[in-house]
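Data block below; observations after.
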Amino acid sequence: MGASDLIMYEEEFQKIKEIIGKLKVDANASVVFLVDKNGQQIAATGDIERLDCTSLASLTAGNVAATDGLAKLIGEKEFSVLFHEGEKDNIHISIVGGKVILVVIFDERSSLGLVRLRVKRCSEELNRVFQQIMDKTERDRASGESFFQSPFAEITDEDIDALFNE
Amino acid sequence: MSFINYASREINVKLVYYGPGLCGKTTNLQYVYEKTNPNAKGKLISLATETDRTLFFDFLPLDLGTVRGFKTRFHLYTVPGQVFYDASRKLILKGVDGVIFVADSQEARMDANTEAIENLKSNLEEHGFDLSTIPYVLQLNKRDLPTAVPLEEMLQALRIKNESYFEAVAVKGIGVFDTLKACAKQVLMELSKK
């Protein structure tokens, strides 16, 4: 793994799912999801069947990246909160620990104030979990031996050809 | 930065199509989109201007099945090729796992090709990547045009590290999957080394 690779372990994944599940209820939101800054979805909860989550994740990351670029242009480090207001649904986007993006979709059953408040508390919890993941990854790397093997350690040409020959 | 989720047994890989304006990056993606089994692909998203020039990026998620029990998902992106969109181009390279450089074979575009490779190199460096080590494939597109520069000449001008290259006519689909496959292979092989 490169230094920046994110490895999600079962234990932390469960914790993250719990935290965003709680946020969804507390903030009265319809969907809550987490994306990394490269546009990969980490976890999602709520009414996600009606949504194209993969595209949502990629566009969110693009949006945040573009906004980051804007921030730097005017001398800001980042804009940590983005809010898009629609006729029915709204999107609240915030950066957690400078690394991951927390997206909350909500409608008239909630309000921006409530979402902001709940997101703030949730961010702190998420931040702690991600710190744990980083520490764990770091520890595994330092010990030189992770408790798991890369699933691709023995990948063969045939495996890859098979992927494209369906 | 590939994202490996051991909890849900998934791996997501990001591939970026790079190259000068109008070289055929979006065309590559469109062809992949058309020819992929509907179950395996997501929506093709194009953030383009009214005249179909890429403004920010095109995005196509592909679910290619499983390798060693892991669901393998490729996220294909293109960058806007036009020179003045450099700030956007840079953003898309964030966390890239592999790059496909699409070169335009027309003689008049040779300078644009070399300029774009230089640009790729410096933008990668800003993200801490090194073009000489990152998985990288060269596609020579528009080989069917009468003004196409001879193969040898193109390779001499554009090949930077003995990377695999493919002659392509992306509008007809020639070479599109070969290029993609070669890059995907390099990325997965790279993951296996870690």
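Summary table
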quantity	calculated
FRET E, pair residue B:160, residue B:108, Förster distance 25 Å, beta-carbon r, rounded to 0.05	0.70
Cα shape, the protein assembly as shown, gyration tensor, a/c 1.5 rule	prolate
0 to 90° range, to nearest 10: angle between helix A:53-73 axis and chain A longest Cα axis	70 degrees
Anisotropy class of region B:38-194 from Cα gyration tensor, a/c 1.5 cut	rounded
For region A:56-136: rounded, prolate or oblate by the Cα gyration tensor [a/c cutoff 1.5]	oblate
Low-density loop cleavage sites - trypsin sites (Lys or Arg not before Pro) in region B:107-182, where at most 16 other Cβ are within 10 Å (DSSP)	B:159, B:161
Cα long-axis angle, helix B:176-193 against chain B (0 to 90 degrees, to the nearest 10)	50 degrees
Using alpha-carbon coordinates, inclination of helix B:110-126 to the longest axis of chain B, degrees	40 degrees
Sequence-separation-based contact order of region A:11-164, relative, with Cα cut under 8 Å and 6+ spacing, percent	23 percent
Charge context of residue B:16, other residues only, Cβ under 12 angstrom, K/R +1, D/E -1	+3
Helical contribution to [θ] at 222 nm, DSSP H n ≥ 4, -39,500 (n - 2.57), averaged over chain A, rounded to 500	-16000 deg cm²/dmol
Relative contact order for region B:3-193, counting Cα pairs under 8 Å that sit 6 or more residues apart, in percent	23 percent
Extension reserve of the residue A:141-residue A:11 stretch, reckoned as 0.36 nm per residue once the Cα distance is removed	45.0 nm
Order of B:114, B:133 under a 10 Å beta carbon neighbour criterion, fewest first	B:133, B:114
Charge tally in the Cβ shell below 10 Å around residue B:144, where Lys, Arg are +1 and Asp, Glu are -1, residue B:144 excluded	+2
P(r) tail fraction, region A:11-164 - alpha-carbon pairs more than 23 Å apart, %	46 percent
Set A:77/B:185; B:71/B:172; A:88/B:35 screened for pairs whose C-alpha atoms are more than 32 Å apart	A:77/B:185; A:88/B:35
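Each reported figure results from applying straightforward, stated rules to the coordinates on display, with no laboratory input. Note that the structure is predicted; figures quoted are calculated from it, not measured. Virtual Cβ from ideal backbone geometry, glycine too; neighbours counted across all protein chains shown.
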